[in-house]
Amino acid sequence: MKKLCLLFTTSVFCGSVFAQTIPMLPKEWKGEVSSTSIGSANKVANPNQSAKDWNSFDEARTLTILRQEGRHLDLALKHPRGEVHWIATISKDGKQIMATDQGGLSLILNLSGNSLSGCGAVRGTKGTFDDWFNNYAALCYDFKAVK
């Protein structure tokens, strides 16, 4: 890592060019998901499970931070039919979170104060090419920290 040094008339200051401002996040977040899909990429999280064509829904979600170690997160996303496990990493500037799950979710969330919002995508989770090719969704999440 490179260092940036500034010379003042009475002293020298050296600091990292990439200063980390990693926030400790609140444990619980309430909000919703808005999903548009073809088929059903995730049979558990999608209330329109039997849909084989275009479908959409908006539904409440709760995001819980199970563990935070610096920039690394272990998360649980709760919905009316169960829970999905996510892992995530906070960007060095503390403004974005990249999250994924075992089903192939790819999601970027923007962190601003007590708001967390962003969008991503997921494909079929059965493990077959046919399922992956024919079931996919675009998802957007909006959360507010519970105080």
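The values are calculated or read from the model by the stated rules, or taken from the named source; none is laboratory data. All of these numbers come straight from a predicted model, not from anything done at the bench. Every residue, glycine as well, gets a Cβ built from its backbone with ideal geometry; the counts of neighbours run over all protein chains shown. Heads up: the accessible areas ignore ligands, DNA and RNA and are worked out on the full protein's heavy atoms, side chains in. Shrake-Rupley method; radii C 1.70, N 1.55, O 1.52, S 1.80 Å.
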**Prompt:** So which of Lys52/Lys95; Lys78/Lys126; Lys78/Lys147; Lys92/Lys147 end up more than 28 Å apart by C-alpha?
**Reply:** Lys52/Lys95
**Prompt:** With each pseudo-label sitting 7 Å past Cα toward Cβ, what's the Ser56-Ser115 distance in nm, one decimal?
**Reply:** 2.1
**Item:** Inter-label distance for Thr64 and Thr36, nm, one decimal - labels placed 7 Å from Cα along Cα-to-Cβ
**Value:** 3.3
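Heavy atoms only, probe 1.4 Å: what % of the accessible area of region 34-147 goes to carbon and sulfur, would you let me know?
Numbers: 3270 of 6100 Å².
C and S fraction of accessible area: 54 percent.
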